[in-house]
Amino acid sequence: MRTMWDEEFEVVIIGSGFAGLAAAIEARKYCDKVVVFEKMPVPGGNSSICGGIFSAAGTPLQAENGIEDSPALMLADMLASGQRFNYPELARMVAERSTETLLWTIEELDVKYQPSLSWVGGHSVPRSYNTWNASGSGIVKPMLAKCRELNIPVRLKSCLANFVDDGNNAIEGVEIREEYIFPKSESGTPKRIRATRAVVLASGGFSQDKEFRAIQNPRLTEDIESTNHQGATAESLISAIRAGATPVQLSNIQLGPWASRDEEGFGVGSLFSMLAGFPYGIIIDVSTGNRFVNEQSDRKLLVDSMLNLGTESIAIVDQKGVAYATTLDQCLKRGVVRKFDSIEELAASNHVPLMPLVNTIKSYNSSIEKGEDRFGKWIHKGLEPIQYPPYYSIRLLPKIHHCMGGIRINTLAQVIGIDTRRPIGRFYAAGEITGGIHGASRLGGNAVPECILFGRIAGANAAREPLRSGHPLSQE
Amino acid sequence: MKGNDQDEVKAGNAGGNVGRRSFLKGALAVGAVATGGFALNMAVPGLAEAAKRPLPKKWDETIDVVVIGSGFAGWSAAAQAAIGGAKAVVIEKMPTYGGNSIINGGVYASYDDKFHYRQKMGLGDDSPELHMQDTLKGGDFFSIPALAKVLAEGATDGLNWMIDDGGAVIRPTVVRAGGHSAYRTHAAGIGKVYVDALKRIAEKNGAQIRLNTAVTWIWRADADPKSPVLGVEVKSGRKISNIKVGKGLILASGGFSRDVKMRGDHYPFLSGENWNCTNHPGATGEMIRFAQSVGADTLQMNYIQLYPYADPETGILDTPALIPFNGPGNGIVYVTKQGKRFISELARRDHVSFAQIGLGPQGKPTYTIFGDDMVEKMGFTKGEIEAGLKKGRLVVGNTIAEVAQKAGLPQDALVETIDKHNKYLAEGKDPEFNKPITKAMLPMTKGPFYAVAQWPAIHHTMGGLRINEHAQVIDIFGEVIPKLYAAGEVTGGVHGTNRLGSNAIPDCVVFGRVAGRNAAKG
Amino acid sequence: MFVMKRVVVIAIAAAVLFCLPLLTAGGGTALAAPSPKGSCKGCHADFASVLPKGHPAVKGTGLAACSSCHAPDLAAKKPENAYSVRMHRAHIPPKGKLECTACHSWVPGKSFGLIGRKGSFGKPDKEQMELLKEIFASWASSGYTDSLHAEAGIACSQCHGKGLPTFDDTVENAGCLKCHGPMEELAKKTEPKEFKDRNPHKSHLGDIACTVCHKGHMESKVYCLDCHKQFGMKIQGAAKK
Ligand SMILES: Cc1cc2nc3c(=O)[nH]c(=O)nc-3n(C[C@H](O)[C@H](O)[C@H](O)COP(=O)(O)OP(=O)(O)OC[C@H]3O[C@@H](n4cnc5c(N)ncnc54)[C@H](O)[C@@H]3O)c2cc1C
Ligand SMILES: Cc1cc2nc3c(=O)[nH]c(=O)nc-3n(C[C@H](O)[C@H](O)[C@H](O)COP(=O)(O)OP(=O)(O)OC[C@H]3O[C@@H](n4cnc5c(N)ncnc54)[C@H](O)[C@@H]3O)c2cc1C
């Protein structure tokens, strides 16, 4: 007879991004044998390439800068941009525990943040921290170091192929393909790994899964670029659904309006637009030279208006506004952002009709003076007219960025079964693989707190499941 | 052997599951040995009920084509299956047939009809292509284009079939409704006209119906792509029996607007009991969940439509509640309690609904104002208007001021609004809301005029089972589930984020027919 | 509970079949103990007093004596109704306390007849017998449509068209309309003065079954009200007695 299980751990975690690593670190507090499986040859998934923006309400930096904020306000922002698709109970947790989560990264992981706050679209106030290196790796690396310290193996090139249940509505383990070579589905050797306490699925979104995302939203054809790492594909989501998990809101797929036409993926331009171009500059329809939207809208509104426009658009910012950019040097070096001494030059180079552009800037500047903008951009005291050369422009191209949909969890990060509508036993999920926290549109910098918070919850709860007994490793 | 027996039993079960799962074609199919011999309903872990329910030992009967649901989709499917030579039985859980279909407003979008009313009335051009484009656009391009195409191309044939073979009588007009860019919406007064026509065709060809019979499970041996659906478990009164499906199982069980829990699962905003709903009480989603449990994929379950013009009190979509929907192309005007317009009357349902919700609870209700000369052009009879007046759903006045006064609207404001709107019609331009003005829109200059109150109620679930152009249900790996078909509101991906009004009947009829035809082939 | 009782009954029956213990009781009133099988005298010592006025003299006192005239046509499965109704209502709860097998012979799954007579009404198994008991009890006293019919002297067969109703037997509209019809007449009776289209017998749902609203053995409910909550229609047999 064959051996049922090849290996056994207490908590088995799939995915080595924010959610998976946070789960591992937290789980280790309550039990000894924790493992993380990662299908890619490198750890970190989207988390390590992300912009490192961390939004939180009621933070020390806000206090320092006299910014009044509250979890209630953050929640209201989330629900508004989410068009009320958000599960309020989950969204509320993100808002209420965002600062606690931020402080955890500082205190437990020693993550370093930049000393100023960013104001990201859709948020009512500046509430976004930035990691010291403007990248999620500023958090992932300390997490990986922590895992080493805690003796948590992070096994790379190990792909989840299937869940294994115990015949009693609970997950008992997983089937992993070891020495897996992405994206070859048949590569590697299958191994059965038992989880004597629970399994945590933290395998991220599916923005790079061309087939799967087009099924959810036919407009997302394969030629549309994505900001995500290559491994952001849907097979683990499909396995989870197979295992009875409830898929929710899968068609809520976010495009990033701030990405650049002149580089691949997220690059360095996205952060430029997000932190400087949109909040302190304007977005222009290249064909008319006109503004068409509040640049500080949430991503969905921005992308929808850009797509409805059907023409190209650029963001413009001047010398004052560019001060808020964290990636300017790289942008200029890579030709993603271009610098001009005058609006005339900027217009000519971007093929924007000059006079309308000049008028647009004039009327924008006067609305700053008046304190009222016809597109509803909130005019605050940090906002200055666009008039100080040099001027900078970036050519925009919406790219597929985030999957708000995924599998349904409850406040304990338990996976909810499709038919029973109750938690599936010993099955947890956290991070972008889960659905419904952000609704129709995720606000910038909200993924990091969400992934870490629910990762920690999942890890802690998984590790506190009662131990399954028996030694089924060697079976006749 | 180490360890206690119990654990080994568990491990054995788990192993069985791995084996069976692993021969599924998935993104990551593994070559592990399949351990057959378990006739479980579903080869997945996690599904307690599925895993615990062995296939029935014996079948109580076998039926060629079992159709679940007796609405447009179900009867169309049954009719077509029967015509195709199959024994077809419609299973309906409610004590009456017709579901949402029989209480439906009877408006049917089709680029043409056998009488060519649009052409006769000089109401411009239309084509299946344009109908499809409107459908895609109206759903923010979330519709699967191949499915929208089937709908648009089959609509006219479906309509004429019901007229010719089923004796349906449609009214001699076509209207232009919100989100449609052509005059293509046909009226029959009430959906029952079509349901009865379809029922007639179906029964004439030998199809039967069983009322008070609920489907309580779908049987399938496992989720292997080659594994067909085997049958259904049905419950009638206290009796539970199992029907084996000979040729095909067609799910035509409608939407889940009345399923409060499921609504909350997918669109938390619309959860809870406080929303009004236009649907019949049986519009619950268990069939979708059963289908998911045997491997079916779903699409876009979170798109749930509000009907902007339901009776504000009850949420019922009665005849008066249809006027605001049918009338935009004839010049009706929507106003707030303050007597002001708030949106283009030709806007899509979701836009109108959210514009209303945006007014806040104190903005409830809004009103539609229309003139007597529009009534028949909108597809209504004088009798229907009289009945509406009697019920108190409509108010009438010889002048706009009188209507305002009776409806409790500020008179001056309403008079001003209508005057302005009349002017826009004359000038061919609506500077306020950019409504495209057409010649068929009549100014309100001569009374009597009417007002009807309106407010959003939950109406339609755009999401549902994923199907292909042949109405076959697709599993979550993208494979067809043998012998399983679906049509009508139970399916997803035809209407995207927002269904255009009058697109549901053609959707149901066209895909119902496709499903029936294909199922009969076996 | 039920099972125990039956064991007792059968035990007694076996011992006292056709031997008449000296029990006395007033005609037609509730009795202290179940009567022995097939015998009336066991309870009704003064058997003549139970008979209606003007009833011809009866030879013998057993069930067989009654059924020699009140002959239920077992072959046609149509028992003599008025008699059947009266007998059942008098003897089963709440008025009486008799078990079915006090008068009926029953071999589960094989036959069900009258003690002392050949032939069978059907072949109820244990489960069906449970159901029959339940339904008879409802029919005798529930306040639902069934008991309204019972009060009018109508037995199962008059609606169901056969001696022994089975699971999920329903009554077709034609059955109801035999007495209550035609539908147009009914519709006229229930047409509201003001809103003529709010007529339950002329529903926009088409030709619907009477039983959609008028439930036989459970509370009747105006189906219209499921959606049209404000209609406020009333229906007979809506509440349990
Ligand atoms: C370019 C970019 C910039 C972003 N910037 C920000 C930002 O500044 N602020 C913010 O809040 N959010 C940002 N986001 C979003 C945020 O980074 C992600 O939502 C978040 O990193 C998701 O974390 P996760 O742990 O859920 O998944 P991931 O970090 O994606 O990790 C999941 C891991 O699971 C692995 N995996 C998947 N399937 C399997 C399998 N079958 N077997 C084994 N392993 C598997 C993947 O390879 C991956 O490594 C950004 C995203 C991108 C792409
Ligand atoms: C008030 C109203 C007015 C409308 N007006 C229009 C209009 O004018 N034009 C238009 O295009 N669309 C309209 N719609 C939408 C349209 O009517 C519906 O989308 C359409 O009727 C759906 O048809 P169907 O056949 O898919 O489902 P339904 O007609 O709802 O039929 C499904 C049937 O399946 C049964 N069922 C469900 N589950 C089970 C089960 N487990 N076992 C057995 N039976 C089951 C249900 O009881 C139901 O009878 C309207 C909808 C409503 C509610």
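The values are calculated or read from the model by the stated rules, or taken from the named source; none is laboratory data. Computed from a predicted structure; not experimentally measured. For neighbour counting, all protein chains shown are included, and Cβ atoms are generated from backbone atoms with ideal geometry for every residue, glycine included. Ligands, DNA and RNA are excluded from the accessible area calculation, which covers all protein heavy atoms including side chains. Shrake-Rupley method; radii C 1.70, N 1.55, O 1.52, S 1.80 Å.
Summary of computed values
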quantity	calculated
C:ILE235 away from every other protein chain (no Cβ under 14 Å), surrounded by 13 or more Cβ atoms within 10 Å (Cβ to Cβ) and under 26 Å from B:ASN100 (Cα atoms)	yes
Count - residues of the stretch A:94-110 that are among the hydrophobic types (A, V, I, L, M, F, W, C) and more than 18 Å from the chain's Cα centre (by Cα)	4
Members of the stretch B:293-304 that are more than 15 Å from A:LEU250 (Cα to Cα) and at the interface with another protein chain (Cβ under 7 Å from one of its Cβ atoms)	B:SER293
Lone unmet requirement of (1) modelled with pLDDT under 95; (2) open to solvent by less than 10 Å² (accessible area, probe 1.4 Å) for B:ARG289	(2)
Which listed residue, of C:ALA187, C:ALA238, is at pLDDT 90 or above and of a type in the set (A, V, I, L, M)	C:ALA187
Any chance A:GLU149 is surrounded by fewer than 18 Cβ atoms within 10 Å (Cβ to Cβ), away from every other protein chain (no Cβ under 14 Å) and among the acidic types (Asp, Glu)	yes
Among the residues listed as B:SER76, B:SER110, B:SER101, the single one being more than 15 Å from the chain's Cα centre (by Cα) and within 15 Å of ligand 2 (Cβ to nearest atom)	B:SER110
Residues satisfying the stated conditions in the stretch A:269-302, i.e. within 23 Å of A:HIS229 (Cα to Cα) and either away from ligand 1 (no atom under 16 Å from the Cβ) or surrounded by fewer than 24 Cβ atoms within 10 Å (Cβ to Cβ) (or both)	A:LYS300
Top-ranked residue in the stretch B:389-430 [being at pLDDT 95 or above, within 14 Å of chain C (Cβ to nearest Cβ) and touching a Phe, Trp or Tyr at 6+ places or on another chain (Cβ under 9 Å); ranked as most open to solvent (accessible area, probe 1.4 Å)]	B:LEU389
Whichever residue in the stretch A:204-255 is hydroxyl-bearing (Ser, Thr, Tyr) and within 8 Å of chain B (Cβ to nearest Cβ) and, among such residues, is nearest to A:ILE424 (Cα to Cα)	A:THR246
Every pair of residues 6+ apart whose Cβ atoms lie under 6 Å, when the first sits in the stretch B:129-145 and is free of Cβ contacts under 8 Å to residues at least 40 places away in the same chain and not assigned by TED's automatic domain parsing to the domain that holds B:ARG349 while the second is basic (Lys, Arg) and open to solvent by 20 Å² or more (accessible area, probe 1.4 Å)	B:MET132/B:LYS149
Leading residue by the ranking (modelled with the lowest pLDDT) among those in the stretch C:106-119 that are closer than 19 Å to C:ALA155 by Cβ and open to solvent by 40 Å² or more (accessible area, probe 1.4 Å)	C:ARG117
Hey, A:ILE437 touching a Ser or Thr at 6+ places or on another chain (Cβ under 7 Å), aliphatic (A, V, I, L, M) and buried (at least 24 other Cβ atoms within 10 Å of the Cβ) or not	no
Selection within the stretch A:218-234 - crowded, with 23+ Cβ neighbours inside 10 Å and more than 15 Å from A:GLY265 (Cα to Cα)	A:THR233, A:ALA234
Which numbered condition B:LYS137 misses (of (1) open to solvent by less than 40 Å² (accessible area, probe 1.4 Å); (2) in a helix (DSSP H, G or I))	(1)
Complete set of residues in the stretch A:309-356 that are among the acidic types (Asp, Glu) and farther than 30 Å from A:THR131 by Cα	A:GLU312, A:ASP341, A:GLU344, A:GLU345
The stretch C:167-211 - residue that is in a loop (DSSP other than H, G, I, E, B), of a type in the set (Gly, Ala, Ser) and more than 23 Å from the chain's Cα centre (by Cα) and, of those, nearest to the other protein chains (Cβ to nearest Cβ)	C:GLY206
Residue count for the stretch A:361-388, restricted to those that are charged (D, E, K, R) and part of a helix (DSSP H, G or I)	3
Of residues in the stretch B:432-484 being touching a Gly at 6+ places or on another chain (Cβ under 8 Å), assigned to a loop (DSSP other than H, G, I, E, B) and within 14 Å of chain A (Cβ to nearest Cβ), the one most open to solvent (accessible area, probe 1.4 Å)	B:PHE477
Any hit, the stretch B:318-336, residues being open to solvent by less than 30 Å² (accessible area, probe 1.4 Å) and among the aromatic types (Phe, Trp, Tyr)	yes
Which listed residue, of B:PRO145, B:PRO172, is closer than 27 Å to B:SER502 by Cβ, touching a Pro at 6+ places or on another chain (Cβ under 9 Å) and surrounded by fewer than 18 Cβ atoms within 10 Å (Cβ to Cβ)	B:PRO145
Exclusive hit being in contact (Cβ under 8 Å) with a residue 12 or more places away in the chain and within 13 Å of chain A (Cβ to nearest Cβ), set B:GLY315, B:GLY285, B:GLY254	B:GLY285
Flag if A:ARG155 is open to solvent by 10 Å² or more (accessible area, probe 1.4 Å) and more than 14 Å from ligand 1 (Cβ to nearest atom)	no
Which numbered condition A:ALA24 misses (of (1) out of contact with any strand residue (DSSP E or B) (no Cβ under 8 Å at 6 or more places or on another chain); (2) under 17 Å from A:ILE433 (Cβ atoms); (3) within 15 Å of ligand 1 (Cβ to nearest atom))	(1)
Some residue of the stretch A:410-418 being within 14 Å of chain B (Cβ to nearest Cβ), assigned to a strand (DSSP E or B) and within 12 Å of ligand 1 (Cβ to nearest atom)	no
Check on A:ARG426, over 22 Å from the mean Cα position of the chain (by Cα), within 14 Å of chain B (Cβ to nearest Cβ) and not hydrophobic (A, V, I, L, M, F, W, C)	yes
Criterion (in contact with a strand residue (DSSP E or B) (Cβ under 7 Å, 6 or more places away or on another chain) and farther than 30 Å from C:CYS224 by Cα) met by exactly one of B:GLY358, B:GLY379, B:GLY329	B:GLY329
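Yes/no per residue for (1) under 15 Å from the mean Cα position of the chain (by Cα); (2) outside any strand (DSSP E or B); (3) farther than 17 Å from B:ARG466 by Cβ:
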| residue | (1), (2), (3) |
| --- | --- |
| A:ILE224 | no, yes, yes |
| A:THR233 | yes, yes, yes |
| A:LEU237 | no, yes, no |
| A:ASP262 | no, yes, yes |
| A:PHE266 | yes, yes, yes |
| A:SER270 | yes, yes, yes |
| A:SER273 | no, yes, yes |
